[in-house]
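What follows is one structure encoded as structure tokens, with my remarks underneath.
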Amino acid sequence: MRITLAVAHGLLLAVAFAGGTTAEERVVMSYPLLGPEPTHRIVSVDAAKRQLRIEKKPSVRAGLFEGSGGILLPTVDGGPLDTLVRIDIDEILDGGVAVATFGPGAAKVVRTADAILFRPMAGRFDGETFTQAPTKAIRSLPDLLSTAEAKPGPGEASPLERARAAARRTASMNNLKQLALAFHNYHDAYNAFPPAAVIGPNGKPWHSWRVLVLPFIEELDLYKQYDFSQPWDSPKNLAVAEKMPTVFRDPAREGPLDTLTDYAAITGEAAIFQPGVVTMKSADDFPACLTAGKKVGFASVTDGTSNTILFATLDPARKIPWTKPEDIILDDAFPGIGKPAGIGAIHPVERGHHTALVAFADGSVQTLPDSIDADTLRPFLTRAGGELVDRSDLDGPGAGPDPDRPPLVKVIAEDGGKLRLEID
């Protein structure tokens, strides 16, 4: 998403009498949990005064506001965010810290913990307009509500797990958009596409496109540290490889930070990135080699830039240092999605499926389901195959720009006026 954490803090949609309820219950408040990760941390609690202090996470830009609101925190340490505590923010201190009070009914739950701070609103939404209820509607909430989180079925993720996966997927899509933009800016500068690999004077691949686009992803200083008179795996250039820009790291890949790329170009004679188009005549032939010899540009993409894939997520089995000139090869043995030699699908989506992410030559990015076979995918990898294609051919579980909706946090009134909290 990157629906950002700041958005989760500040942007909340409330709907009264929303659909999906029975005659015995109605939704008093509901809003999408737009950011699944904690936005704040409760840093201290004064049980005697029923007072807490909250500080913003460094990534949260939205301001704090005095008044009635709520905070979503885990019932148990390390557990899911499943408990809503009504609070009143009484004072804003310097450094993004707020002082708030809570009711006696929440005294046994409130403690130092990561949490999501929000200011829920009650009201009506008729599909076009929203009518906000007064603050007293929030003040009428009980001190504490715990969720009855919808139980996922076999092979399904919980709502919060789904939201986290969607946020990581959106962040990864943003990385690919940055790389596609860098590709376009490189073309503007050189009137040609960057080569997938610059071939060194010894006939071996020396430099990757990932290094060539560094000036176009705001990494000019790192670009200047790289020595183009030496191959990528020379001691000097391996030292540069230790400083991988975050744009080459997919947020969905777990584990410690490393210098392995999660994105690759599609290379091959039929692809946009053709092999062997830039060769250095000598060790000091860079950057002159970039403008000599064969040039490949947008005019060669006769299938249309909106139908031709540039970059894709890499299978985790491929351990490629980001500076190494190695990518996904489009040849007769290309296996499609979800195989080590093909396009990687590491983002979980519905019903146990995983999705791959790809950037097209027009700069657009979309998800591709792991159910697509190699023959269906191949026409979207060639630049001038002449095939008649439709991007709807790439549909399937998890396909599209954002296959998951954010989970809804709902306050539901049951018969008798009892309220409950639900996330689904």
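Could you pull out which residues in the stretch 361-375 have an amide N less than 18 Å from a spot 7 Å beyond the Cα of Asp393, following the Cα-Cβ vector? Zone members listed by number: 361-362, 366-375.
Once you keep just the Cα pairs under 8 angstrom separated by 6 or more residues, what percentage relative contact order results for the stretch 228-357?
Rounded, it is 26 percent for the stretch 228-357.
Across every pair of non-identical alpha carbons in the stretch 159-394, the mean reciprocal distance, once inverted, gives a Kirkwood radius of 18.0 Å. Of Tyr186, Tyr263, Tyr223, the sequence from fewest to most neighbouring Cβ atoms within 10 angstrom is Tyr223, Tyr186, Tyr263.
Between Lys319 and Asp114, the simple spin-label model (points 7 angstrom out along Cα→Cβ) gives 2.8 nm. For Glu91, which sequence-distant residues (separation of 5 or more, or a different chain) have an amide H within less than 5 Å of its own amide H, given hydrogens modelled in the peptide plane? Placed amide hydrogens put Val99 under 5 Å from Glu91. Length available on full extension from Asp77 to Asp284: 0.36 nm per residue minus the Cα-Cα distance, which gives 68.6 nm.
Stretching Glu254 away from Ile92 to a fully extended chain increases their span by 54.7 nm, per 0.36 nm per residue minus the current alpha-carbon distance. Near the amide H of His354, within less than 5 Å, lie the amide hydrogens of Val349, Asp370, all on another chain or at least 5 residues away, with H placed in the peptide plane.
Modelled spin-label separation between Ala239 and Glu161, with each label point placed 7 Å from Cα along the Cα-to-Cβ direction: 4.6 nm. With 0.36 nm allotted per residue and the present C-alpha distance subtracted, the Glu218-Lys177 stretch has 13.3 nm of extension available.
Just so you know, all these numbers are worked out from the coordinates, no wet-lab data involved. The structure displayed is predicted, hence computed values, not measured ones. Please note: Cβ atoms are built from the backbone with ideal geometry, for glycine as well, and neighbour counts cover all protein chains shown.
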